[in-house]
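Here the structure is laid out as structure tokens; the discussion comes afterwards.
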Amino acid sequence: MKKISALKVEGDLVYLDKKHAYVLRISEGEKVKVLLPSGNFALVEVIDSDKMVGRILEFIKPIENKSKISVFISLLKKEKLEKVVEYLSIIGVERIVPVITHRCEVRPSYDKQFKIIERLKRISYENARISGVAPPKIENIFQIEKIRDEDYEKKIVFYEHSANPFSYEVLKGLISSKGKIAIFVGPEGGFSEEEISYLVENGWQDFSLGERIFTAELFPIYIISIFDFFSLNFST
């Protein structure tokens, strides 16, 4: 079934993205899966192919993520951060939290922060449609020093100098907990020792992947893909 986003909803009528609808060759009478502005999905029958208007037949529950994961990510440059949000929205996470850390690549002004978040929300909304998962909540940007008691079952931070290897047993334990999980990934230059000490004092556990090195934009996609695969196939 074809998937498309709605521009607006009026009652049971849905106005589709015309440009995208034409690319998909959606025709009158066809039934499509639509991501509504609310973040919900609906089965919609197209009733006017010229105006690309459809009528909601029923609401569809988004694909549920078995692991309730929030990703805390050190603020990256525009293109890199958008790429991370794009792919995490397709894979499926609950929250994405951009954080200003000591070695992050950019430090936008308050006005620019608002524009960044609004664009990330649009990217998240558009890409969640691809896989049928609910779009993640994009939180406002904040300083690492603002991280205090977060309501999570497990909180892990990846740090290249950690003495704790991130093993299959650790992964299995995190998934089997069935609680909310927070994952914090750092910038290209990594976290400082002071930041790791601060996080550990606030209930985070540090892990390392050993000698493997990833770029800051690739790592969150890599690690969330692992969590997603094991959650779907091996959780009990």
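A full extension of the chain between residue 94 and residue 59 corresponds to an added length of 10.6 nm, given 0.36 nm per residue minus the alpha carbon distance. Here the residues 166, 184, 41, ranked from fewest to most Cβ neighbours within 10 Å of their Cβ, fall in the order 166, 41, 184.
Please tell me which of these pairs span more than 27 angstrom C-alpha to C-alpha: 33/121; 2/115; 8/154; 3/154; 51/112; 78/172? With Cα atoms farther than 27 Å apart: 2/115; 8/154; 3/154; 51/112; 78/172. Taking 222, 159, 22 in turn, the Gaussian network model of the chain (Cα-Cα springs below 10 Å) assigns the largest fluctuation to 22.
Computed from the Cα positions only, the extents of segment 117-162 along the three principal axes stand at 36, 23, 21 Å, in decreasing order. Just want the answer: with Cβ charges of +1 for Lys and Arg and -1 for Asp and Glu, which residue in 157, 84, 186 is farthest toward the dipole's positive end in segment 48-201? Of the candidates, 84 comes out farthest on the positive side. Taking other Cβ atoms within 10 Å as a rough exposure proxy, 225, 49 sort from fewest to most as 225, 49. Calculated mean residue ellipticity at 222 nm for the chain: -10500 deg cm²/dmol, from DSSP H runs with n ≥ 4 weighted as -39500 (n - 2.57), summed, divided by the residue count and rounded to 500.
Largest first, the three principal axis extents of the alpha carbons in segment 119-230 are 39, 31, 28 Å in whole numbers. Please work out whether segment 35-114 counts as rounded, prolate or oblate from its C-alpha gyration tensor, where a ≥ b ≥ c are the square roots of the eigenvalues and a/c under 1.5 means rounded, while otherwise a/b larger than b/c means prolate and anything else oblate? It is prolate, given that a/c is not under 1.5 and a/b is the larger ratio.
A viscosity of 1.002 mPa s and a temperature of 20 °C, combined with the Kirkwood radius over Cα pairs in Stokes-Einstein, give a translational diffusion coefficient for the chain of 112 µm²/s.
Under a point-charge model restricted to the Cβ atoms of Lys and Arg (+1) and Asp and Glu (-1), what is the dipole moment magnitude of segment 68-234 relative to its Cα centre, in debye to the nearest 20?
Computed charge dipole of segment 68-234: roughly 660 debye.
Across the chain, C-alpha contacts under 8 Å between residues 6 or more apart give a mean separation that, scaled by the residue count, equals a relative contact order of 20 percent. Farthest toward the positive end of the dipole of segment 152-236, out of 221, 204, 177, is the Cα of 177, where the dipole comes from beta carbon charges about the Cα centre. Reported to the nearest whole Å, the Cα centre-to-centre distance from segment 176-236 to segment 25-97 is 25. Among residues other than residue 195 with Cβ under 12 Å from its Cβ, the summed charge is -4 (Lys and Arg +1, Asp and Glu -1).
Using C-alpha pairs under 8 Å with a sequence gap of at least 6, the mean separation divided by the residue count of segment 135-236 gives a relative contact order of 38 percent. Dipole magnitude for segment 98-185: computed about the Cα centre from +1 point charges on Lys and Arg Cβ and -1 point charges on Asp and Glu Cβ, it is near 260 debye. Kirkwood radius, segment 3-60, all distinct C-alpha pairs, inverse of mean reciprocal distance: 10.7 Å.
FYI, it's all coordinate maths here, none of it is from the lab. Because the structure is predicted, anything quoted here is derived from the model rather than measured. As a convention, Cβ positions derive from the backbone with ideal geometry for all residues, glycine included, and neighbour counts pool all protein chains shown.
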